[in-house]
1. Read through the list (1) of a type outside the set (Phe, Trp, Tyr); (2) at pLDDT 95 or above; (3) surrounded by 14 or more Cβ atoms within 10 Å (Cβ to Cβ), then give the number of the only condition that Arg83 fails.
2. Name the single residue that is modelled with the highest pLDDT among those in segment 86-114 being buried (at least 16 other Cβ atoms within 10 Å of the Cβ) and among the charged types (D, E, K, R).
3. Tell me which residues, restricted to segment 11-43, are within 23 Å of Ser114 (Cβ to Cβ) and touching a helix residue (DSSP H, G or I) at 6+ places or on another chain (Cβ under 7 Å).
4. For segment 9-114, which strands (runs of 3 or more DSSP E) that fit wholly inside it have 1 or more residues that are polar (S, T, N, Q)?
5. All but one of (1) in a strand (DSSP E or B); (2) touching a residue at least 12 places away in the same chain (Cβ under 8 Å) hold for Gln6, so report the exception by its number.
Amino acid sequence: MEIERQFAGATTIAIVNSLTIDYQNASIFRGKMIDLINAGDTLLALDMRGVEFIDSRGLGCFISISKALGEKGRMCLFNVQDRVKAVFVMTRTEQLLPIFDNAAAAESYLLSPS
């Protein structure tokens, strides 16, 4: 599981380089994301274009990461494949983690007043 980090002004774009976020790698993913938050990356846009599958453990990781971020910042997703997006929508997790079509929309959301 690799997370590539790019910067766009005050926003950090985290490119998730994994086909899945599931029971096998969810704790690794969570750890890498918590490391970013602890390093001061508090406006996080996750590029999910490579993720083809997410299970309940992976979904739980996103909720846990969001809670760890807390009041320190904001997080959202973009480039989410339809199959993965359906999981977020069915569980209403997209209300906690907004999903956007592209990086520009995600960055605009992160930089807008809460």
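The values are calculated or read from the model by the stated rules, or taken from the named source; none is laboratory data. The shown structure was predicted, so the numbers you read here are calculated from the model rather than taken from an experiment. Counting neighbours? That spans all protein chains shown, and the Cβs are built from the backbone with ideal geometry, glycine included.
1. Result: Arg83 fails condition (3) only.
2. Glu107
3. Just the residues of segment 11-43 that are within 23 Å of Ser114 (Cβ to Cβ), to begin with: 11-14, 33-34, 36-43.
Within segment 11-43, Thr11, Thr12, Ile13, Ala14, Met33, Ile34, Ile37, Thr42, Leu43 meet the criteria.
4. Values: elements: 11-17, 43-47, 74-78.
In segment 9-114, the matching strands (runs of 3 or more DSSP E) lie at 11-17.
5. For Gln6, the exception is condition (2).
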